[in-house]
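Presented below is the structure to which this report refers.
The values are calculated or read from the model by the stated rules, or taken from the named source; none is laboratory data. None of the values given here were measured: they were computed from a predicted structure. Glycine also receives a Cβ, built like all others from the backbone with ideal geometry; neighbour counts cover every protein chain displayed.
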Amino acid sequence: MKRYLITLLAFCVSMQTYAQHREAVKWISFEQLSEALRVDPKPVFLFFHTDWCVYCRKMDSAVFTDPKIIHTLNNDYHAVRFDAESVDSLSFDGQILTNKRSKKRRGSYHDIAKILAARHGDFIFPTTLILSPDFTVKQRYFEYLSPEKLSNALQ
């Protein structure tokens with residue numbers, strides 16, 4: 001019994017250590033993006049999500065935890081993640097962008113989402129954009145992207 005408990009304890013400690021050292025996507029904010037592009041011009045990966053979006057959460061758990069995706073985003077892109085219903089003001093490219101609502105509400109979208117994540121005036125989440133370093137849109141996706149599909153898009 002004692003040997004079983006020691007083995008179980010060692011396994012739990014090793015799993016905890018593994019979980020702590022696992023790499024994650026290094027998301028930056030829109031405010032940090034301007035400076036990041038000035039210092040290190042590379043493509044931009046934008047991920048617009050909402051709290052209620054099931055496929056957004058699925059991308060968090062199944063796609064943004066994939067080691068290949070993490071490696072590519074961290075090394076080859078500036079990765080920005082943004083809640084499309086955020087009520088926080090942000091300064092980007094010399095402009096102050098806001099959500100007209102003062103309280104977070106489903107269907108009330110931030111100006112930056114209206115500019116970048118709308119498709120014919122409609123919003124579909126998750127929305128993923130891949131931009132060149134000069135901020136021109138290279139690819140735009142209005143759907144869940146599996147690890148394989150996102151990996152192909154990032155190549």
What residue, among those in segment 67-104 that are part of a loop (DSSP other than H, G, I, E, B) and charged (D, E, K, R), is nearest to Leu150 (Cα to Cα)? Glu85
If Glu148 meets every condition in (1) surrounded by 15 or more Cβ atoms within 10 Å (Cβ to Cβ); (2) not in a strand (DSSP E or B) apart from one, which number is that one? (1)
How many residues does segment 98-117 hold that are under 19 Å from the mean Cα position of the chain (by Cα), crowded, with 16+ Cβ neighbours inside 10 Å and of a type outside the set (Asp, Glu)? 6
Those residues that are at pLDDT 85 or above and at positive phi, I need them from segment 98-142; list them, please. Phe135
Failed criterion for Pro133 (all others in (1) free of Cβ contacts under 8 Å to residues at least 40 places away in the same chain; (2) surrounded by 12 or more Cβ atoms within 10 Å (Cβ to Cβ); (3) assigned to a loop (DSSP other than H, G, I, E, B) hold): (1)
